[in-house]
Amino acid sequence: MPATDDPWDVVIAGAGPAGLSAALVLGRCRRRVLLCDAGTPRNHATGAMHGYLGHDGIPPPAFRELAHEELARYETVRFLRERVEDAEAISPDRFRVVLSGGETAVARKLLLATGVVDEVPDIPGFAELWGSTVHSCPYCDGWELRDAPLAAYGRRRRGLEIARALTAWSRDLVLCTDGPSGLSREERADLAANGIEVVETRVERLEGRDRRLEAVVFADGRRLPRRALFFDTPSWPQSTLAARLGCAPNARGGVRAGRLESTTVPGVYVAGNILRDVQLAIVAAAEGCKAAFGINRSLTREEFVRRGRGVSPVEHPPVSEPESPAPEADATPRAIVPAELPTVSVPERLPAPQARPAGDEGVVLVPPEPADGTDAPPPDDPPIRS
């Protein structure tokens with residue numbers, strides 16, 4: 001990375017749909033952007049992205065290649081195939097980030113789009129079929145399996161929620177809880193009324209051929225023929241940067257964000273699945289675009305005041321107070337060791353950016369505007385995987 005005394009306007013940690021979208025918008029705003037990613041996307045096992053208007057069915061590697069080709073047009077955007085390992089505030093308007101290669105960079109704003117990783121059950125055949133006929137997101141892959149005999153896999157309330165969600169795509173459903181379900185009498189009655197059998201016997205293995213699921217095999221020897229399986233298990237952040245920076249959690253166990261995806265730490269923004277909102281690729285991209293708008297607006301207003309008053313304000317959109325404490329499930333940050341995740345191929349780097357003058361060092365905090373909303377309560381359906 002070329003040495004420069006000028007801080008980056010923004011360092012973006014994570015180059016999935018959220019980070020890529022933010023980099024595009026910020027590049028078009030003529031911002032100096034350092035986009036960092038180690039190549040460990042959540043959808044690494046998926047053969048096609050769905051529900052993304054204009055790109056429905058595109059393979060994820062092809063999507064990323066197109067995105068990097070578009071970003072290459074913007075000379076102020078730089079991509080590094082490195083992970084942001086650490087970050088800290090060194091002044092009210094400056095952050096220092098440490099990259100996996102050992103280099104450091106300074107930025108005026110940070111955008112965290114590091115994503116999450118799914119916890120895949122340790123069952124023979126599960127990992128081998130994941131992404132072909134074992135899926136985590138019915139919104140992404142349910143249409144291709146409409147009206148097919150499906151298995152829903154989840155323990156306790158997660159099982160109920162994934163089975164309930166799947167009724168939009170098929171009525172031939174069996175819920176596999178892989179042990180005691182923990183379901184109430186009323187929940188069992190609701191499942192039965194919808195024709196959903198509940199099997200609490202331990203799952204021994206998944207059988208398939210040519211990456212196609214053929215049957216779920218239980219510990220008692222029962223063999224359940226199925227075309228596909230959808231699972232709902234915990235997911236974990238790929239990075240603990242948000243927690244280490246002091247960003248408050250939301251009621252869903254993600255990062256709490258306010259207007260324009262701002263966090264509770266001034267200068268730090270968040271986008272994508274670590275928000276724990278609707279977890280679809282197109283939504284992540286929209287969140288990245290929204291965060292980029294907020295970042296550029298704050299930078300523009302800070303520069304406007306500095307030129308007129310000779311001081312450098314720090315403007316940050318407000319973040320509302322949470323309505324309820326974060327749930328115990330999935331809320332504890334857990335760093336994922338990079339070796340646990342497969343690495344995908346991405347372009348080595350984009351062109352080096354043109355330098356822009358750094359701002360003055362005097363700092364005045366700009367009072368936040370009134371909040372215009374609060375965190376939504378946890379959704380009834382299972383988390384939507386992208």
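Please treat every number below as a calculation from the coordinates, not as lab data. What you see is a predicted model; the values in this text were computed from it and never measured. Cβ: placed from backbone, ideal geometry, glycine included. Neighbour counts: every protein chain shown.
For residue 56, what is the net charge nearby, where nearby means another residue's Cβ is under 14 Å from its Cβ and Lys, Arg count +1, Asp, Glu -1?
-2
Per-residue counts of other Cβ atoms within 10 Å, averaged by peptide: what ranking do you get for 169-180, 304-315, highest first?
My ranking of the peptides, most packed first, is 169-180, 304-315.
What fraction of the DSSP beta bridges in the stretch 126-231 is antiparallel, stated in percent and rounded to the nearest 5?
Given both bridge residues lie in the stretch 126-231, the antiparallel proportion sits at roughly 40 percent.
Order the peptides 21-28, 189-196 from the highest to the lowest mean number of other Cβ atoms within 10 Å of their residues.
Sorting 21-28, 189-196 by mean packing, highest first, produces 21-28, 189-196.
Among residues other than residue 145 whose Cβ falls under 13 Å from its Cβ, what is the net charge (Lys/Arg +1, Asp/Glu -1)?
Once all neighbours under 13 Å are counted, the net charge is +1.
Would any residue of the stretch 26-57 have its amide N under 11 Å from a label point 7 Å out along Cα→Cβ of residue 147? List them or say none.
No residue passes the distance filter.
Does anything in the stretch 173-215 have its amide N under 15 Å from the 7 Å Cα→Cβ label point of residue 223, and if so which residues?
204-209, 213-215
If packing is taken as the average count of other Cβ atoms within 10 Å, what order do 211-217, 9-15 fall into, highest mean first?
Ranked by mean Cβ neighbours within 10 Å, highest first: 9-15, 211-217.
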